[in-house]
Amino acid sequence: MRMDKFMAIPMVLTVVLSVPAQADDSVDALLATYRSQGAGEFDARAGAALWERPFTHAKTPGTRSCATCYTDDPRRAGRHLRTKKSIEPLAPSANPKSLVDTAKIRKWLKRNCRWTLGRECTVQEKGDLLTFLKNMS
Amino acid sequence: MRIFLTVIAALFGSLFIGWQGLASVDDDSDSHYEDQWWQPRPGVAPVANPEYTEECGSCHMAYPPGLLPAESWRTMMAGLDDHFGENAGLDAPTHQSLTDYLVANSADVSQSRRSRKIIRSLSASAAPLRITDLPYFRHEHDKIPPRLVAKNPDVGSLSNCVACHRGAERGSFSERDIRIPGFGRWDD
């Protein structure tokens, strides 16, 4: 290839624009979806409150919350309650790989809400949680 | 000269074969023959499937398929909606490709040292769902007191291999690489 200014521009753009997906983009895309499904304004404090809220379950003793496995602080590594396996921090500020893949976010919101709350989270709750996590600095 | 060289070659050849014979002697204590330079392979074929690690290694260690027979894996994959009390359901294509991977690399297919011992320790139709229920596994762990495992907050249960087996994720369960949290090395 001739390395003249006509090649340089597309080459520079290719490098600059091929930045890997960021958490911000993926989360924003999901928030837009939730809004289109009827969610109102998202609030990180509501997300934080939901994070800590204890839920009881008919068949098991004790309570469950997001913090049960992820700890009170999503910037810290968590631990699976039963297997003791270490879980990477969920806050993108502490873990750049977190909240980058929208399919993965959807899958784990579904599984974790079912386990913790006993039901799927509403679009409002999901948006509040993601806003809380994204805003953690 | 040729005869001399032939005799020397035959001599060394038979010594080598004899040596290999010793190396493959089957006994219960693994430690003597592990990680010897002529047997660099780990005891179980390590997981080399990123999809499996991602889907089946999030909540617990991604257990090497060579630790259970194919029938165990088939039954497990057929019941993911109640996977030891949790819903671990997968979409259909992922479910199929992971089942194929597990069955193709299961203990009854694998030639790894521990896979073969696991199968030998099982009756023909046995297909336990828990690795910890394998007779081979029980034998290998039967001297460990509960305070080091169940009552150890950093371990919790025998299914938490990586807590003590530092080489587990590369398929090695060699005694030399064991470090029990809060306790140290294990020497049988």
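The values are calculated or read from the model by the stated rules, or taken from the named source; none is laboratory data. Keep in mind the model is a prediction, meaning the values are calculated, not measured. Note that each Cβ is placed from the backbone with ideal geometry, even for glycine, and that neighbours are counted across all protein chains shown. Please note that ligands, DNA and RNA were not included when accessible areas were found on the heavy atoms of the full protein model with its side chains. Shrake-Rupley method; radii C 1.70, N 1.55, O 1.52, S 1.80 Å.
One line per residue, one yes/no per condition, for (1) in contact with a helix residue (DSSP H, G or I) (Cβ under 6 Å, 6 or more places away or on another chain); (2) closer than 23 Å to B:P42 by Cα:
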| position | (1), (2) |
| --- | --- |
| B:H139 | no, yes |
| B:P145 | no, no |
| B:L148 | no, no |
| B:K151 | no, no |
| B:C161 | yes, yes |
| B:I178 | yes, yes |
| B:G182 | no, no |
| B:D188 | no, yes |
>> For segment B:38-87, which positions are closer than 16 Å to B:T132 by Cβ, touching a Gly at 6+ places or on another chain (Cβ under 9 Å), open to solvent by 30 Å² or more (accessible area, probe 1.4 Å) and in a loop (DSSP other than H, G, I, E, B)?
In response: B:Y63
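Going by the structure shown, is B:S121 more than 30 Å from A:C113 (Cα to Cα), of a type in the set (G, A, S) and surrounded by fewer than 18 Cβ atoms within 10 Å (Cβ to Cβ)?
On the way: more than 30 Å from A:C113 (Cα to Cα): yes; of a type in the set (G, A, S): yes; surrounded by fewer than 18 Cβ atoms within 10 Å (Cβ to Cβ): yes.
Yes, satisfied.
Table: residues versus (1) over 10 Å from the mean Cα position of the chain (by Cα); (2) open to solvent by 40 Å² or more (accessible area, probe 1.4 Å).
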site: A:T60; (1), (2): yes, yes
site: A:S65; (1), (2): yes, no
site: A:T68; (1), (2): yes, yes
site: A:R76; (1), (2): yes, yes
site: A:K85; (1), (2): yes, yes
site: A:L99; (1), (2): no, no
site: A:T116; (1), (2): yes, no
site: A:E120; (1), (2): yes, yes
site: A:T131; (1), (2): no, no
> If you go through segment B:138-188, how many residues are farther than 17 Å from B:A62 by Cα, open to solvent by less than 60 Å² (accessible area, probe 1.4 Å) and among the aromatic types (F, W, Y)?
Replying inline: 1
> Taking segment A:78-100, which residues are touching a residue at least 12 places away in the same chain (Cβ under 8 Å) and within 10 Å of chain B (Cβ to nearest Cβ)?
Replying inline: A:L81, A:I87
> Within segment B:125-137, is there a residue that is surrounded by 16 or more Cβ atoms within 10 Å (Cβ to Cβ) and within 14 Å of chain A (Cβ to nearest Cβ)?
Replying inline: yes
> How many residues does segment B:143-179 hold that are out of contact with any His (no Cβ under 7 Å at 6 or more places or on another chain), outside any helix (DSSP H, G or I), aliphatic (A, V, I, L, M) and within 14 Å of A:K84 (Cβ to Cβ)?
Replying inline: 3
> Is there a residue being farther than 17 Å from B:S159 by Cβ, part of a helix (DSSP H, G or I), without any contact (Cβ under 8 Å) to a residue 40 or more places away in the chain and among the charged types (D, E, K, R) anywhere in segment B:93-103?
Replying inline: yes
> Can you tell me which residues in segment B:64-89 are in contact with a helix residue (DSSP H, G or I) (Cβ under 6 Å, 6 or more places away or on another chain) and within 14 Å of chain A (Cβ to nearest Cβ)?
Replying inline: B:N87, B:A88, B:G89
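What residue, among those in segment B:167-188 that are within 14 Å of chain A (Cβ to nearest Cβ) and free of Cβ contacts under 8 Å to residues at least 60 places away in the same chain, is farthest from B:R120 (Cα to Cα)? Before the answer, list the steps.
Kept after step one, since they are within 14 Å of chain A (Cβ to nearest Cβ), are these residues of segment B:167-188: B:168-169, B:180-182.
Subset that is free of Cβ contacts under 8 Å to residues at least 60 places away in the same chain: B:180-182.
Values: B:I180: 28, B:P181: 31, B:G182: 34 Å.
If we take residues in segment B:167-188 being within 14 Å of chain A (Cβ to nearest Cβ) and free of Cβ contacts under 8 Å to residues at least 60 places away in the same chain, then B:G182 is farthest from B:R120 (Cα to Cα).
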> Taking segment A:92-137 on its own, how many of its residues are under 25 Å from B:V162 (Cα atoms) and either among the basic types (K, R) or in contact with a Pro (Cβ under 6 Å, 6 or more places away or on another chain) (or both)?
Replying inline: 5
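Step by step: first the residues of segment B:47-92, then only those that are polar (S, T, N, Q) and touching a residue at least 24 places away in the same chain (Cβ under 8 Å), then the one that is nearest to B:I119 (Cα to Cα). Which residue is that?
Of segment B:47-92, the ones polar (S, T, N, Q) are B:49, B:53, B:58, B:72, B:75, B:87.
If we keep only those that are touching a residue at least 24 places away in the same chain (Cβ under 8 Å) as well, we get B:49, B:72, B:75.
Numbers: B:N49: 23, B:S72: 12, B:T75: 17 Å.
The extreme case among them is B:S72.
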